[in-house]
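Engineer: My structure is below; once you've seen it, I'll send some questions.
The values are calculated or read from the model by the stated rules, or taken from the named source; none is laboratory data. Since the model is a prediction, treat every value here as computed from it, not as a measurement. Here the Cβ is made from the backbone with ideal geometry for all residues, glycine too, and neighbour counts use every protein chain on show. When the accessible area is computed, the model is the full protein with side chains, heavy atoms only, and any ligands, DNA or RNA have been set aside. Shrake-Rupley method; radii C 1.70, N 1.55, O 1.52, S 1.80 Å.
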Amino acid sequence: MKKFVMAGLAGTLAGIIATTQIAGPLLAQEAENNAGVYEQLDLFGDIFERIRAQYVEEVAPEELIEAAIDGMLTSLDPHSSYLSPDDAEQMRVQTRGEFGGLGIEVTQEEGFVKVVSPIDGTPADEAGIESGDFITHVDGESILGLTLDKAVDLMRGPVGSEIVITVVREGEPDPFDVTIIRDTIKLTAVRARTEGTSVVLRVTTFNDQTFPNLKEGMEKQIEEAGGIDKVNGFVLDLRNNPGGLLTQAIKVSDAFLNEGEIVSTRGRNPQDGERFNATPGDLAEGKPIVVLINGGSASASEIVAGALKDHHRAIVVGTKSFGKGSVQTVMPLRGDGAMRLTTSRYYTPSGRSIQALGVSPDIIVEQPRISPDAEEEEESNARTRSEADLRGRLSNDSLSEDEVRQIEADRAKAEETAELRKEDYQLAYAIDILKGLSAFSPTERASQ
């Protein structure tokens, strides 16, 4: 028995020694790391006091603290930032769909403020601001080197006030000034209309009103068309849509899917990942869908385009999207402020992250810029004579009056699409795809 006790005691002692040998260095290393952090915090305190005591002008301590917090967050990535109480309130108002400003979504790229997209019908949109523009000055003051929030603060102001921004645009040899009058931005999340027999759903943002607006707009257009059988398909226009709420992107995707994954998010820890799946029910009732995207389609727009593309539920047309594949969580802070922190990446149903890559369209269609010479040439071609213009031509006696009227009606629809092509080539292309798809369906042909 003594042998067993001694052996057990020796084993216990050996275990204590082994544990000490392993855990001891780990604890020492952790203590060393913490000591380094505390030294850096002491350094921050020293700098803070030096600024308060010796800076050429008096600075409010709270401003220094806020600037330090903002600098810490913005050093992580372009989308993490500190929100002062005023900024946090403005963000909440914007999410509800109404706010004051110019009407542009911006990001920061290598220190420059870059326009993700102008919002439809806003002062910036009407002034001709385009996705991809770089803003270098506000009212003659350079914004190079400012944080994104500081640059945005300079662009804010009272409704009705004037602002001059200096823009650098690809293809333009020199920077140019654009004068804009600030206004209250009231977002209509979805605008629905019918072009021929195709329903066009223009989604400008993803806020609390997006899915309700989409559903209401679809139902109204279908009813006015005389039922779903009279509609040949839907165009979901996500061009220049800067994104918004993840929950709304999921609902819009789910509106056209009966099953399967919509999007998944993966954070720093595997257990924090989430997967969102579609529920039964397709508002389009299986009709073809074309999704339009461009370089201004970001974030939530890319979730929708990626989900519908991966499930082969839609044909994606246009140009490569922006490539913002991260999710930001807004976390309330004491004093009514908040911080926007990147907490995860999102992945399309195929498991691919679009971060910095974007969603690639199935069919690349650029939006051409029509020159005056091209317009004159088009008008010249439109004046070309045909057999019907010739004096003494033979008449066509093989068609009834009803058949002639049908041919003329079909020609009128084609001419409407041709006119639309002058205004919006990408949209006209999408509608042509829907017409082509419906031509292969006997039931669709019968309803035309």
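Engineer: Provide Rg and Dmax in Å for the stretch 236-297, with only Cα atoms included in the calculation.
Structural biologist: 13.6, 40
Engineer: With θ set to phi - 60° and the Karplus curve 6.51 cos²θ - 1.76 cosθ + 1.60, what are the ³J(HN,Hα) couplings of the stretch 138-143 in order, to the nearest whole Hz, using x for Gly and Pro?
Structural biologist: 10, 6, x, 9, 5, 10
Engineer: Can I ask one more? Which pairs in the list K186/K435; K251/K320; K150/K186; K287/K320; K114/K422 are over 30 Å apart, alpha-carbon to alpha-carbon?
Structural biologist: K186/K435
Engineer: Step through the residues of the stretch 73-79 one at a time and calculate ³J(HN,Hα) from phi using the Karplus curve (6.51 cos²θ - 1.76 cosθ + 1.60, θ = phi - 60°), rounding each to whole Hz and writing x for Gly and Pro.
Structural biologist: 6, 5, 6, 6, 6, x, 10
Engineer: How much solvent-accessible surface does V330 expose, in Å² to the nearest 10, with a 1.4 Å probe and all protein chains in place?
Structural biologist: Number for this one is 60 Å².
Engineer: FRET efficiency for R191 and R266, Cβ-Cβ distance as r, R0 = 41 Å, nearest 0.05?
Structural biologist: 0.75
Engineer: From the Cα gyration tensor of the stretch 97-232, with a ≥ b ≥ c the square roots of its eigenvalues, which class applies: rounded if a/c is under 1.5, or else prolate if a/b is larger than b/c, or else oblate?
Structural biologist: Taking the square roots of the gyration eigenvalues as a ≥ b ≥ c, the stretch 97-232 is prolate.
Engineer: Could you check the simple spin-label distance between E63 and L43, using points 7 Å along Cα→Cβ, in nm with one decimal?
Structural biologist: Those two pseudo-labels are separated by 2.6 nm.
Engineer: Starting from the Cα of E401, step 7 Å along the direction of its Cβ; do the same at E223; then give the gap between the two resulting points in nm.
Structural biologist: That separation, rounded to one decimal, is 3.7 nm.
Engineer: Would you kindly give the portion of the calculated P(r) for the stretch 264-305 that falls above 11 Å, as a percent of all Cα pairs?
Structural biologist: 77 percent
Engineer: For labels at A356 and E170 in the simple 7 Å Cα→Cβ model, what's the distance in nm?
Structural biologist: Label-label distance for A356 and E170, simple model: 1.8 nm.
Engineer: Here's something else I'd like to know. Taking H placed 1.01 Å from N in the peptide plane, check which residues at least 5 places from N277 or on another chain put their amide H under 5 Å from its amide H.
Structural biologist: Excluding prolines and chain starts, which carry no amide H, the hits are I262.
Engineer: Mind giving me the FRET efficiency for V56 and L144? R0 is 22 Å, r the Cβ-Cβ distance, nearest 0.05 is fine.
Structural biologist: The formula returns an efficiency of 0.45 here.
Engineer: Could you order peptides 317-324, 107-114 by the average number of other Cβ atoms within 10 Å of their residues, highest first?
Structural biologist: My ranking of the peptides, most packed first, is 317-324, 107-114.
Engineer: Ranked by accessible surface with a 1.4 Å probe, highest first, in what order do V290, V152 come?
Structural biologist: Final ranking, largest accessible area leading: V152, V290.
Engineer: Tell me, what HN-Hα J-couplings in whole Hz come from the Karplus equation 6.51 cos²θ - 1.76 cosθ + 1.60 at θ = phi - 60° for each residue of the stretch 177-192, using x for Gly and Pro?
Structural biologist: Result, ordered by residue: 8, 10, 9, 10, 9, 4, 8, 6, 8, 9, 8, 9, 4, 9, 10, 10 Hz.
Engineer: For D237, which sequence-distant residues (separation of 5 or more, or a different chain) have an amide H within less than 5 Å of its own amide H, given hydrogens modelled in the peptide plane?
Structural biologist: Here the answer is L201, R202, V203, L292, since their amide H atoms fall under 5 Å of that of D237.
Engineer: Would you mind pulling out the separation of the Cα centroids of the stretch 196-241 and the stretch 45-91, in Å?
Structural biologist: 44 Å
Engineer: Sorted by mean Cβ packing within 10 Å, highest first, what order do the peptides 253-266, 43-56, 299-312, 65-78 take?
Structural biologist: 299-312, 253-266, 65-78, 43-56
Engineer: I would also like to ask the following. Would you mind working out the accessible area per residue for the stretch 90-202, using a 1.4 Å probe, and quoting it in Å²?
Structural biologist: Dividing the accessible area of the stretch 90-202 by its residue count gives 47 Å².
Engineer: Treating the beta-carbon of each Lys and Arg as +1 and of each Asp and Glu as -1, no other charges, what is the dipole magnitude of the stretch 128-244 about its Cα centre, to the nearest 20 debye?
Structural biologist: 420 debye
Engineer: Taking a probe of 1.4 Å, how large is the accessible area per residue of the stretch 218-324, in Å²?
Structural biologist: Result: 39 Å² of accessible area for each residue.
Engineer: Something else now. What are the residues whose amide H is under 5 Å from the amide H of E195, where those residues sit 5 or more places off or on another chain and H is modelled from the backbone?
Structural biologist: V200
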